[in-house]
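These notes are about the structure you will find just below.
The values are calculated or read from the model by the stated rules, or taken from the named source; none is laboratory data. Fair warning: this is a prediction, and the values are worked out from it, not measured in the lab. For neighbour counting, all protein chains shown are included, and Cβ atoms are generated from backbone atoms with ideal geometry for every residue, glycine included.
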Amino acid sequence: MAQPPKKEGPRINREIRVPRVLLIDEHGEKQGIMPVDAAIEAAQEAGLDLVEVSPNSDPPVCKVVDYGKLKYQEQKKKAEARKKQKTVEIKEIKMRPNIDVHDYQVKTRAMQRFFEAGDKVKITLRFRGREMAHQDRGMEIMNRVKEDFAESAKVEFEPKMEGRMMVMVMAPR
């Protein structure tokens with residue numbers, strides 16, 4: 001025989017199956033410990049619901065509130081918390097070992113913007129043809145990037161060769 005599905009959230013009205021509860025009325029004032037039936041009656045007289053707010057205490061604490069309104073406010077709080085979350089993205093900056101001074105400056109300005117926005121940056125140095133023989137030039141550029149961003153970012157993944165590319169990941173401090 002299948003069991004009924006478990007309900008999410010607090011128990012309300014007749015779902016509360018304990019003999020006595022500590023009642024808090026709609027104004028937030030303690031009414032004291034009383035039988036559940038009396039508490040449900042008090043809630044119905046006020047035109048509201050009896051909601052179990054602290055089921056693990058002894059006796060359980062129940063409050064007289066509008067359950068629909070309570071549920072709506074909780075939903076709004078969750079949505080607000082989700083809105084404030086920042087997902088960290090990994091932005092990629094591609095360079096070449098023989099990069100010119102101005103091109104390097106443009107790339108570093110973009111990286112600075114990314115760090116200020118709270119994103120990680122993946123610096124990729126691509127070697128083509130005979131450039132593979134001068135991997136030390138690539139390491140010099142990576143070290144220059146490390147020095148330029150020493151105070152605003154930290155190296156999360158040291159420069160490493162992956163095929164024809166040298167890769168380094170930096171994260172904002």
* To do: Taking Ala46 as meeting all but one of (1) modelled with pLDDT under 90; (2) under 35 Å from the mean Cα position of the chain (by Cα), write down the number of the exception.
  => (2)
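Restricting to strands (runs of 3 or more DSSP E) lying wholly in segment 9-120: which have 3 or more residues that are surrounded by 14 or more Cβ atoms within 10 Å (Cβ to Cβ)? First the steps, then the outcome.
On the way: elements: 20-24, 30-35, 49-54, 61-65, 90-95.
Answer list for segment 9-120: 20-24, 49-54, 61-65, 90-95.
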* Examine segment 114-134 for a residue that is among the polar types (S, T, N, Q) and touching a Pro at 6+ places or on another chain (Cβ under 9 Å), and state whether such a residue exists. => no
* Of everything in segment 146-173 that's farther than 17 Å from Lys94 by Cβ and in a strand (DSSP E or B), which residue is farthest from the chain's Cα centre (by Cα)? -> Glu158
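Would segment 137-145 turn up any residue that is hydrophobic (A, V, I, L, M, F, W, C), assigned by TED's automatic domain parsing to the domain that holds Pro97, within 16 Å of Lys91 (Cβ to Cβ) and outside any helix (DSSP H, G or I)? Break it down into steps so the answer makes sense when it comes.
Initial filter on segment 137-145 (hydrophobic (A, V, I, L, M, F, W, C)): 139, 141-142, 145.
Of the ones still in play, those that are also assigned by TED's automatic domain parsing to the domain that holds Pro97 are 139, 141-142, 145.
Right, trim to within 16 Å of Lys91 (Cβ to Cβ) and you get 145.
Subsequent filtering for residues that are outside any helix (DSSP H, G or I) retains none.
No, that holds for no residue.
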* Do you know which residues across segment 57-101 are touching a residue at least 12 places away in the same chain (Cβ under 8 Å) and closer than 23 Å to Gln31 by Cα? -> Ser57, Pro59, Pro60, Val61, Cys62, Lys63, Val64, Val65, Asp66, Tyr67, Leu70
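Would you check if Val101 is in the same structural domain as Val145 (by TED's automatic domain parsing), closer than 30 Å to Asp148 by Cα and under 34 Å from the mean Cα position of the chain (by Cα)?
Values: in the same structural domain as Val145 (by TED's automatic domain parsing): yes; closer than 30 Å to Asp148 by Cα: yes; under 34 Å from the mean Cα position of the chain (by Cα): no.
No: the conditions fail for Val101.
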* Selection status of Arg11, touching a residue at least 40 places away in the same chain (Cβ under 8 Å) and under 29 Å from the mean Cα position of the chain (by Cα) -> yes
* Has segment 127-146 got at least one residue that is of a type in the set (Phe, Trp, Tyr) and touching a helix residue (DSSP H, G or I) at 6+ places or on another chain (Cβ under 7 Å)? -> yes
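Just checking, which of Glu52, Glu131, Glu74 is out of contact with any strand residue (DSSP E or B) (no Cβ under 9 Å at 6 or more places or on another chain), in the same structural domain as Glu29 (by TED's automatic domain parsing) and of a type in the set (D, E, K, R)? I'd like the intermediate steps shown before the answer.
Numbers: Glu52 fails: out of contact with any strand residue (DSSP E or B) (no Cβ under 9 Å at 6 or more places or on another chain); Glu131 fails: in the same structural domain as Glu29 (by TED's automatic domain parsing).
Going through Glu52, Glu131, Glu74 in turn, just one is out of contact with any strand residue (DSSP E or B) (no Cβ under 9 Å at 6 or more places or on another chain), in the same structural domain as Glu29 (by TED's automatic domain parsing) and of a type in the set (D, E, K, R): Glu74.
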